[in-house]
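Heads up: the structure comes next, in structure tokens.
Please treat every number below as a calculation from the coordinates, not as lab data. Predicted model, so just to flag it, every value in this text is computed and none were measured. Neighbour counts run over all protein chains shown; Cβ positions are idealised from the backbone, glycine included.
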Amino acid sequence: MTPTDTLRPVFTETFPQAMDAGVLYISIPYRTCGHLCCCGCGYEVVTPLSPAQWSLTYDGESTSLTPSIGNWSLPCQSHYWIRNGRVRWARRYSPAEIDQNRNRDGRLLAVHDTRDPQPNDGEGSAAVSGSGTVRRLTREPPTAMPDK
């Protein structure tokens, strides 16, 4: 496979059995994104959406994920940003930097896990907030129009 320089958003409940290159799959119900590694190695990359992990911004056409994607566990160890649907390559991290990054991520997850999460029970709908994290929205039923 060849490296990918753009990712097209596809909103879906679940990911397909085989992901397509150049597609960022976004599952709002599962608060997760997935794509094939942009280096072209073919490995699947899954990015959970949460305040302690990744946040997603969708502008109606393209998507951005924050922070960067550091595939430290993959053989390629690729590192890139997804900004406005484009892949922006980042420098390689040293083994010490990877360890520091993993430790920081572990601390953030530990703090986040001590909070009481809001479950998504399937009622209402989910949307991406202005800050990029997935937030649950409830929708009031429409009111009846008065007879004329």
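3J(HN,Hα) along segment 98-105: 4, 4, 4, 5, 4, 4, 4, 4 Hz, from the Karplus curve 6.51 cos²θ - 1.76 cosθ + 1.60 with θ = phi - 60°, whole Hz, x for Gly and Pro.
Residue-wise HN-Hα couplings along segment 76-84, as the Karplus relation 6.51 cos²θ - 1.76 cosθ + 1.60 with θ = phi - 60° gives them from phi, are 6, 6, 5, 8, 7, 10, 10, 10, 6 Hz; Gly and Pro carry x.
Amide H contacts of TYR43 (H built 1.01 Å from N, in plane; Pro and chain starts excluded): CYS37 sit under 5 Å, all sequence-distant by 5 or more or on other chains. Taken one residue at a time, the phi angles of segment 11-22 give Karplus couplings (6.51, -1.76, 1.60, θ = phi - 60°) of 7, 8, 6, 10, 7, x, 4, 10, 6, 9, 5, x Hz. Gly and Pro are set to x.
Give the shape of segment 1-122 as rounded, prolate or oblate, defined through the alpha-carbon gyration tensor: a ≥ b ≥ c are the square roots of its eigenvalues, a/c under 1.5 means rounded, and otherwise the shape is prolate if a/b is larger than b/c and oblate if not. Taking the square roots of the gyration eigenvalues as a ≥ b ≥ c, segment 1-122 is oblate. Close amide H partners of LEU24, meaning residues 5 or more places away or on another chain with modelled amide H under 5 Å apart, are ARG8, VAL10.
If R0 equals 22 Å, the separation of the Cβ atoms of LEU109 and ASN84 corresponds to a calculated FRET efficiency of about 0.20.
For ALA96 and THR66, the difference between the fully extended length at 0.36 nm per residue and the C-alpha to C-alpha distance is 8.6 nm.
Take the Cα of VAL46, step 7 Å along the line toward its Cβ, and report every residue of segment 66-87 whose backbone nitrogen sits under 18 Å from that point. Those under the cut-off are 69-75. Counting only DSSP beta bridges whose two residues both lie in segment 1-75, roughly 70 percent are antiparallel. The mean sequence distance of close C-alpha pairs (under 8 Å, at least 6 residues apart), as a share of the length of segment 6-106, puts its relative contact order at 18 percent.
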